[in-house]
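Report on the structure given below.
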Amino acid sequence: MSTRYAAKFASFGSFAPAKILNNFDLEKIVDTTDEWIRSRTGMFERHITTAEEAASDLAYQAASRCIESSAVRYNEIELIICATISGDHAFPSTACILHKRFGFKNIPAFDVSAGCAGFIYALDIAKTFIESGAYSNILVVGVEVLTKITNWNDRNTCVLFGDGAGATVLSRANPRDISRIIDSVICADGSQGDILFQAAGGSRKPASHATVDANEHTVYMEGNKIYKNAIRSMYASSDEVLKRNNMSVEDVDWVIPHQANLRIIEGLADKMKVPMSKVIVNIEKYGNTSSATIPLAMDEALRMRKIRRGDIILLTSFGAGLTWGSILARY
Ligand code: ACO
């Protein structure tokens with residue numbers, strides 16, 4: 001597809017709440033062990049929100065850090081897209097709550113719901129807007145507080161999730177810029193929506209005493225089925241985005257995958273034939289922060305000066321829906 005303009009990453013920022021829950025803390029909550037969690041997931045600790053903190057609080061901190069570290073001024077942001085499935089409210093959108101907190105005037109804002117692939121979906125949308133010429137600077141946020149919709153009696157899920165937020169400003173690339181998003185692929189398979197979902201709280205099953213008693217407002221997940229789909233789908237979209245740009249994994253400097261499980265990440269690297277030294281991993285410290293994992297990992301890797309301007313990066317994720325996708329870019 002020919003496009004008028006190119007989009008580039010102007011900057012990243014991230015934020016994780018101060019409170020930390022480690023595997024030994026979890027041993028006191030459910031029948032689990034540090035050894036089980038580490039060996040099955042690669043996780044050791046995760047940041048979790050307090051009762052007072054909500055998604056927009058984390059998103060605001062991450063987005064502020066992101067904008068402050070870019071050359072883009074607040075009044076140059078033209079659109080906010082927020083990827084989340086655990087926003088402050090069912091409505092209004094968390095993007096609109098951010099809009100208010102920043103004091104923006106007359107710019108649009110909306111949320112994207114694509115589970116853990118939400119940030120990739122939001123980037124794909126933002127990139128398309130920039131390429132069309134509609135906007136020049138878009139704030140894209142991935143934020144999740146899944147610990148607020150976690151069943152703390154279910155050891156299958158409660159050990160997996162952490163809270164966090166990450167943000168980027170996507171800007172129109174100057175013709176002389178080497179930085180640009182090269183291509184993106186997003187996809188879904190709605191037929192498998194029932195292996196990872198929140199049963200109650202929507203119009204299918206509104207909140208009631210019975211739904212609360214049955215814990216139906218928390219994450220239901222068939223981990224094994226998700227696991228099998230995860231590697232296959234992230235591999236497929238990454239392969240597609242590389243092939244259609246006549247590139248191979250050898251051209252990629254860094255792979256930044258969704259941080260759901262270290263074994264999934266290693267399985268993907270193995271299938272792609274990418275050495276783990278080229279894969280960004282921070283799951284040990286944050287757990288699965290869903291749509292926030294990729295911008296959190298990107299921001300950390302940039303601050304550690306692992307990823308540098310001009311590097312070829314491949315972002316890939318999968319999540320509830322099922323949804324998945326990959327972004328290929330020169331940072
Ligand atoms: N501690 C101890 N034992 C446990 C725990 C725990 N925390 N959790 C499960 N087990 C037990 C199970 O009960 C089971 O016991 P059994 O054999 O007696 O029945 C055994 O461990 C093995 O369970 P499995 O489910 O087969 O374990 P697996 O190796 O598949 O790991 C995991 C489970 C970590 C959930 C893995 O399947 C996974 O990572 N799946 C993908 C999760 C994911 O990526 N989700 C998507 C993102 S979330 C989102 O989009 C909102």
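The values are calculated or read from the model by the stated rules, or taken from the named source; none is laboratory data. In this text the structure is predicted, and so the values were computed from the model without any measurement. We place every Cβ from the backbone using ideal geometry, glycine too, and count neighbours over all the protein chains shown. Heads up: the accessible areas ignore ligands, DNA and RNA and are worked out on the full protein's heavy atoms, side chains in. Shrake-Rupley method; radii C 1.70, N 1.55, O 1.52, S 1.80 Å.
Among Gln259, Ile29, Ala199, pick out the residue whose Cα is farthest towards the positive end of the charge dipole of the chain, where Lys and Arg carry +1 and Asp and Glu carry -1 on C-beta, about the Cα centre.
Farthest along the dipole direction, towards plus: Gln259.
Describe numerically, in nm with one decimal, the distance between label points set 7 Å from Cα along Cα→Cβ at Ser132 and at Glu53.
My value for the distance between the label points is 3.6 nm.
Calculate how steeply helix 55-68 sits against the longest principal axis of the alpha-carbon atoms of the chain, using the helix alpha-carbon long axis, and give the answer as 0 to 90 degrees to the nearest 10.
Once rounded, the angle reads 30 degrees.
Can you tell me which of Glu76, Glu250, Glu300 moves the most in a GNM of the chain? Springs connect C-alpha atoms under 10 Å apart.
Glu250
State in Å² the accessible area per residue of the chain; use a 1.4 Å probe, count heavy atoms of protein chains only, and round to the nearest integer.
Averaged over the residues of the chain, the accessible area is 44 Å².
Quick one: length gained pulling Arg263 to Tyr74 fully straight, 0.36 nm per residue minus the C-alpha distance?
64.0 nm
Sorting Leu328, Leu196 by accessible area (1.4 Å probe), largest first, what list results?
The most accessible residue leads, giving Leu196, Leu328.
For the residue pair Ala236 and Lys28, what label-to-label distance in nm results when each label sits 7 Å from Cα along the Cα-to-beta-carbon direction?
4.4 nm
Let me know the shape class of segment 180-330, please: from the alpha-carbon gyration tensor, a ≥ b ≥ c as square roots of the eigenvalues, rounded when a/c is under 1.5, otherwise prolate if a/b is greater than b/c, or oblate.
It is prolate, given that a/c is not under 1.5 and a/b is the larger ratio.
Compute the helix-to-body angle for 262-272: its Cα long axis versus the longest principal axis of the chain, expressed 0 to 90° and rounded to tens.
Roughly 40 degrees, rounded to the nearest 10.
Any idea what the relative contact order of segment 226-307 is, in percent, if you count C-alpha pairs under 8 Å spaced at least 6 apart?
Value for segment 226-307: 31 percent.
Got a sec? What order do Ser191, Ser70, Ser290 fall in by accessible area at 1.4 Å, biggest, i.e. largest, first?
The ordering from most to least exposed comes out as Ser191, Ser70, Ser290.
So how long is each side of segment 161-224 along the principal axes, counting just the alpha-carbon atoms, biggest first, in Å?
Computed over the Cα atoms, the extents are 60, 25, 25 Å.
Give, rounded to the nearest 20 debye, the magnitude of the charge dipole that the chain has about its Cα centre when Lys and Arg contribute +1 at Cβ and Asp and Glu contribute -1 at Cβ.
Around 940 debye, computed over the chain.
On a 0 to 90° scale, report how tilted helix 293-303 is relative to the longest principal axis of the chain, with both axes built from alpha carbons and the result rounded to the nearest 10.
60 degrees
Accessible surface of Ile195 in the full protein assembly, 1.4 angstrom probe, to the nearest 10 Å²?
The value for Ile195 is about 10 Å².
Please report how far the C-alpha centroid of segment 179-230 lies from that of segment 80-145, rounded to the nearest whole angstrom.
Computed from Cα coordinates, the inter-centre distance equals 19 Å.
Can you flag which of Lys243/Lys271; Lys285/Lys306; Lys243/Lys278; Lys228/Lys285; Lys100/Lys148 are past 21 Å Cα-Cα?
In this structure, Lys228/Lys285; Lys100/Lys148 exceed 21 Å between Cα atoms.
What is the percent carbon and sulfur in the accessible area of segment 37-158, measuring with a 1.4 Å probe over the protein chains and ignoring ligands?
49 percent
How much mean residue ellipticity at 222 nm does the chain get from its helices, if each DSSP H run of length 4 or more adds -39500 (n - 2.57) and you divide by all residues, to the nearest 500 deg cm²/dmol?
-9500 deg cm²/dmol
Evaluate E = 1/(1 + (r/R0)^6) for Ile107 and Glu35, where r is the Cβ-Cβ distance and R0 equals 45 Å; express this FRET efficiency to the nearest 0.05.
Result of the calculation: an efficiency of 0.35.
How high is the relative contact order of segment 7-172, in percent, counting Cα pairs under 8 Å that sit 6 or more residues apart?
35 percent
Given bins 10 angstrom wide, list per bin the percent of all Cα-Cα distances in the chain, short to long.
6, 28, 37, 23, 6, 1, 0
Taking the Cα centre as origin and putting +1 on Lys and Arg beta-carbons and -1 on Asp and Glu beta-carbons, what dipole magnitude results for segment 180-330, to the nearest 20 debye?
Here segment 180-330 has a charge dipole of around 380 debye.
Which of Ile294, Ser171, Gly115 sits farthest toward the positive end of the charge dipole of the chain, with +1 on the Cβ of Lys and Arg and -1 on the Cβ of Asp and Glu?
Result: Ser171.
Solvent-accessible area of Val279, probe 1.4 Å, all protein chains present, reported in Å² to the nearest ten, please.
Near enough 10 Å² of accessible area.
For Ser277 and Ser248, FRET efficiency with R0 = 25 Å and r from the beta-carbon atoms, rounded to 0.05?
After rounding, the FRET efficiency stands at 0.90.
Could you put Ser132, Ser203, Ser277, Ser86 in order of accessible surface area, largest first, with the 1.4 Å probe and the full protein assembly present?
Ranking Ser132, Ser203, Ser277, Ser86 by accessible area, largest first, yields Ser203, Ser277, Ser132, Ser86.
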